[in-house]
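Quick notes on the structure that follows.
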Amino acid sequence: MLSIKDAAHRARQYLVELFGEVADIRLEEVESEENNWLITLSFLANAPQEDAWIMTQSKMIRQYKIFTIDRDTGEVLAMRIRTLHV
Amino acid sequence: MSEFSESLYAAYPLLGRNAILLDTNLMVVYTVACLDIYRIGRAKRTEAFTSTDGRRLLYLVSRFRRRRSTPAILAESFNLLEPFFKTLPPSESHRLQTAIREEIDLIEEHYVPAKRIAADDALLRYGFTDLAIASHADNETVIVTVDLPLIGLLEKRNLAVLNYNHLRTEILR
């Protein structure tokens, strides 16, 4: 059975594999759902810029991703955008 | 308890405030921790936390001069813990009841009339418990929670809120 710490590590590893070494990764949420851990991580990434000249003025925004991880196998089953509507 | 000491307070200045208010989920973990931190990872309600979290919460709360809560948080926490209470042998049940009683003695309850909460446009999205927390505007309390939508609401209303999960981000390293 995967511990919370191991699940968080798997999520982080998956994130880095997909996005590279992103800045300021934070643990945001830990939940259990049936046989899975749901781990939400946030990190800083460059905001998409439409104008080339703005690209030089890199603006960082915080993004949130939620990972579904099988508690038995440690497999990352899904990664979704965690949307927050306030 | 040095493992949680000064570096934590340097990284999170809000922890230096006078008063703390724990959201329902953390109140549940804290209550179980008052009995036995090693039950935290084993009880269904608190399985997303560990004994380290229990130790950290006990330490954090003890550092505040004032503890605050709302009737809704206390009622919700108690309801969520009922199945856990039923698993306890009489001796532990008695010990926990004593611990809860002592804790309640220390808590300042912040009561907000339901009609005031019901007037809030965000009622259907957040409900009475979260909006009672959101009405807790003062300069000395830090609200500690793991509820991301609630954090968003509180930040939008310029309230001092801390995501407890940030305090355990070290488990990523």
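In the stretch B:23-52, of all residues being charged (D, E, K, R) and in a loop (DSSP other than H, G, I, E, B), the one that is farthest from the other protein chains (Cβ to nearest Cβ) corresponds to B:Asp36. When residues in the stretch B:53-101 are screened for being surrounded by fewer than 14 Cβ atoms within 10 Å (Cβ to Cβ) and outside any helix (DSSP H, G or I), 3 of them pass. Residues of the stretch A:1-40 that are in a loop (DSSP other than H, G, I, E, B), within 13 Å of A:Thr68 (Cα to Cα) and either touching a residue at least 40 places away in the same chain (Cβ under 8 Å) or touching a strand residue (DSSP E or B) at 6+ places or on another chain (Cβ under 8 Å) (or both): A:Leu2, A:Asn35. Residues that are of a type in the set (D, E, K, R) and part of a loop (DSSP other than H, G, I, E, B) were ranked within the stretch B:115-173; the one that is farthest from the other protein chains (Cβ to nearest Cβ) is B:Glu140.
Filtering B:Arg67, B:Arg45, B:Arg17, B:Arg55 for residues that are farther than 16 Å from B:Val144 by Cβ and not polar (S, T, N, Q) leaves a single hit, B:Arg45. Would you check if there is a residue in the stretch A:22-32 being over 28 Å from B:Ser51 (Cβ atoms) and modelled with pLDDT under 95? Yes: the stretch A:22-32 contains one or more residues that are over 28 Å from B:Ser51 (Cβ atoms) and modelled with pLDDT under 95.
The values are calculated or read from the model by the stated rules, or taken from the named source; none is laboratory data. A quick note: this is a predicted structure, and the numbers were derived from the prediction, not measured. Every residue, glycine as well, gets a Cβ built from its backbone with ideal geometry; the counts of neighbours run over all protein chains shown.
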